[in-house]
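These notes are about the structure you will find just below.
No value in this document is a laboratory result; all are computed from the given coordinates. Source: prediction; values computed, not measured. Quick reminder, even Gly has a Cβ in these numbers, built from the backbone with ideal geometry, and neighbours come from all protein chains shown.
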Amino acid sequence: MAGRLVPTLTHLTPRIHQRSPGAQATNTRSQSCTGVLAKNGVEVRHFLLHSDSYTLRSRIEGSMEFPDDEERSEKVRAFRRRRLADYETAYATWLGEQAEVIDTVGLTPEQVLTRALTLLGP
């Protein structure tokens with residue numbers, strides 16, 4: 001794998017998996033993972049698809065993960081609402097500095113992809 005570029009897109013809507021102090025715990029895990037990959041010659045590019053709080057909340061409220069099951073979809077939305085503060089803390093304290101941020105406000109998924117591919121280069 002030496003020298004191989006592995007592009008990955010991380011979509012946080014928000015999807016931080018650790019409880020408070022979740023932002024710091026996730027930062028440590030992220031650094032550990034990227035460190036192992038780098039030691040094995042894998043270039044890691046971390047793209048953060050970011051939106052402001054208002055847009056994130058609107059997207060959360062408009063999401064329907066289970067079209068035939070409103071109750072399950074609401075549980076997902078409730079989880080995301082609970083984690084929003086963790087994401088905002090992470091973004092303000094370390095995530096926004098460690099990742100290549102793509103502001104997704106007002107962009108279509110195709111436009112976001114085009115920006116990510118442009119950042120990756122040829």
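Quick notes
- Environment charge of residue 104, counting only residues whose C-beta is closer than 10 Å and scoring Lys/Arg +1, Asp/Glu -1: 0
- The stretch between residue 42 and residue 98 holds 18.5 nm of extra length on full extension. This uses 0.36 nm per residue minus the Cα-Cα distance.
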